[in-house]
Amino acid sequence: GDVPVVRFQSATNNLIVTLRVIDWTGRTVLQQQSKVNEGVNSIPVSDMQRLQPGIYVIQVLNGEELTAIKFSVTR
């Protein structure tokens, strides 16, 4: 299947961002850290195929900024 990719704009090099996938109950079901560089980064979200179908939120945390992206998993 397709691996979801989070597009992320960074102002600095060698920034570690934390990606969290949260289900509709508010539980963190996946968490990963990625290093990003200045400019636009595309971060593949691994282990997505393990998730049950449903609505999820991906949170991208880069220290002080939090970006949330809603997505759905279908089979």
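Annotations for the structure displayed:
- Residues of the range 21-71 that are assigned to a strand (DSSP E or B), open to solvent by less than 70 Å² (accessible area, probe 1.4 Å) and of a type outside the set (A, V, I, L, M): D23, T28, Q32, S34, G39, N41, S42, G54, Y56, Q59, T67, F71.
- Subset tally (residues that are within 15 Å of L61 (Cβ to Cβ), among the β-branched types (V, I, T) and in contact with a strand residue (DSSP E or B) (Cβ under 7 Å, 6 or more places away or on another chain)) for the range 1-24: 6
- Selection of the range 1-19 for residues being closer than 15 Å to T67 by Cα and open to solvent by 70 Å² or more (accessible area, probe 1.4 Å) yields V5, R7, Q9, A11, I16.
- Residues that are within 24 Å of S72 (Cβ to Cβ), hydrophobic (A, V, I, L, M, F, W, C) and touching a Ser or Thr at 6+ places or on another chain (Cβ under 9 Å) within the range 1-39 comprise V3, V5, V6, F8, V17, L19, V21, I22, L30, listed in sequence order.
- Qualifying residue in the range 25-34 (condition: closer than 11 Å to N62 by Cβ and among the aliphatic types (A, V, I, L, M)): no
- Hits in the range 23-51 (condition: touching a residue at least 24 places away in the same chain (Cβ under 8 Å) and more than 17 Å from F8 (Cβ to Cβ)): D23, W24, V29, Q49, L51
The values are calculated or read from the model by the stated rules, or taken from the named source; none is laboratory data. Since the model is a prediction, treat every value here as computed from it, not as a measurement. Cβ: placed from backbone, ideal geometry, glycine included. Neighbour counts: every protein chain shown. Heavy atoms of the whole protein, side chains included, go into the accessibility calculation; ligands, DNA and RNA do not. Shrake-Rupley method; radii C 1.70, N 1.55, O 1.52, S 1.80 Å.
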